[in-house]
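Report on the structure given below.
Nothing in this text is a laboratory measurement; each read-out follows from the coordinates by a stated rule. The shown structure was predicted, so the numbers you read here are calculated from the model rather than taken from an experiment. Cβ atoms come from the backbone with ideal geometry, glycine included; neighbour counts cover every protein chain shown.
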Amino acid sequence: MNTKDFYYELPQELIAQHPLENREKSRLMCMSRKSGEISHKKFEDIINFLHGGDCLVLNDTRVLPARLYGEKEKSGGKVEFLLLNRRENDVWEVILRPGKRAKIGSRFVFGGELKAEVLDVINDGNRLVRFEYEGLFENVLDRLGEIPLPPYITEKLSDSERYQTVYSKHQGSAAAPTAGLHFSNELLNKIQEKGIKTVFVTLHVGLGTFRPVKAEKLEEHKMHCEFYSLSQEAADVINETKKSGKRVVAVGTTSVRTLESCGEGGLVKPGSGWTDIFIYPPYEFKIVDALITNFHLPESTLLMLVSAFAGREKVLNAYRSAIEEKYRFFSFGDAMYLY
């Protein structure tokens, strides 16, 4: 398949620039994978599409305040660091702008309490840097860092918690698992009261999520790696659900990637590590039975994953319908339920 097979035209004004006041009041497009039939609901109506015994799988990663502004230690030239992932202890992979100022051995300072030295230049021009500080790195980062928003969001976010899910727990993402942004604590409580099980996995979202696929053929695209973790407790609940014939409902493409990375013989195996799984048509899903997701960028790996799950033509037809109905797109936009 070609990358251009996943292109669509999106009016700029449909790119959501801010979250709705109430998380669960976003719109929800529901589509049958079998027939392609579409209905239009509110996100709070998702509870009517979930059944007792189903298992809802949510990604509990938390977005790092990963954008740091500082200056070169000697010259004072301004720089911006974007933390991607922790390699070991105080060594991080970062995007550094402007990159030409970041040769091996270059040193930078941030707010007087944080320093960094470039150790290596790696893939795509990213840098490996070692940070120097006193105390806990997370506390220093909370004081100095900013939450990085996707490049298509140009308006400033007044409350950074709106770019976190209400159940976020394990800090480590450069971007939010945005399908989960629609859930409020009240809605989750109602879902559990209905007899729907909820379990959490962790996948730390990398900025590779937003990078366009440059290869003409999908088979030539190299997927970015992301760290995941699936506990024994969560695996037991998921496997019990599969064995009982009930459905595993993934919240977001990150949950899908975790589940499918851990899937084997129709069940999941607990564990943690790095996954570079690239899901695109045709792909036979091992674990996921239904999917809650947002509307994704043209020619993105996320749109390819959704197309593998529900069929490319059906998905692109649904996107055309969403554009006609003025749905809000991308991170702060509306949602889809594919079943």
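The figures follow:
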read-out: Relative contact order of segment 254-310, defined on C-alpha pairs under 8 angstrom at six or more residues apart (%); value: 36 percent
read-out: Antiparallel bridges, percent of DSSP beta bridges restricted to segment 106-222 (to nearest 5); value: 100 percent
read-out: Acute angle (nearest 10 degrees) that the helix 312-324 long axis makes with the longest principal axis of the chain, alpha-carbon atoms; value: 80 degrees
read-out: Net lengthening on full extension, Q232/Q12 (0.36 nm per residue, minus Cα-Cα); value: 74.8 nm
read-out: Long-range Cα-Cα pairs in the chain (distance over 32 Å), rounded percent; value: 31 percent
read-out: Rounded Å value of the spacing that divides the Cα centres of segment 179-215 and segment 42-66; value: 5 Å
read-out: In degrees, nearest ten, helix 253-262 long axis to first principal axis of the chain (Cα); value: 80 degrees
read-out: Two-site label geometry, M223 and I38: point separation in nm, points 7 Å out along Cα→Cβ; value: 2.7 nm
read-out: 0 to 90° range, to nearest 10: angle between helix 301-310 axis and the chain longest Cα axis; value: 10 degrees
read-out: P(r) weight above 22 Å for segment 45-141, C-alpha pairs, percent; value: 37 percent
read-out: Computed [θ] at 222 nm, deg cm²/dmol, the chain (DSSP H ≥ 4; -39,500 (n - 2.57); rounded to nearest 500); value: -5500 deg cm²/dmol
read-out: Mean separation of Cα contacts under 8 Å, 6 or more apart, over the residue count of segment 67-144: relative contact order %; value: 25 percent
read-out: Pairs of Cα atoms farther than 27 Å apart, segment 203-332, %; value: 21 percent
read-out: Mean separation of Cα contacts under 8 Å, 6 or more apart, over the residue count of the chain: relative contact order %; value: 25 percent
read-out: Links that overshoot a 32 Å alpha carbon limit, given the list K4/K72; K41/K169; K25/K246; K34/K169; K242/K314; K34/K326; value: K4/K72; K34/K169
read-out: Listed residues V268, V140, V201, most fluctuating in the chain (Gaussian network, C-alpha, under 10 Å); value: V140
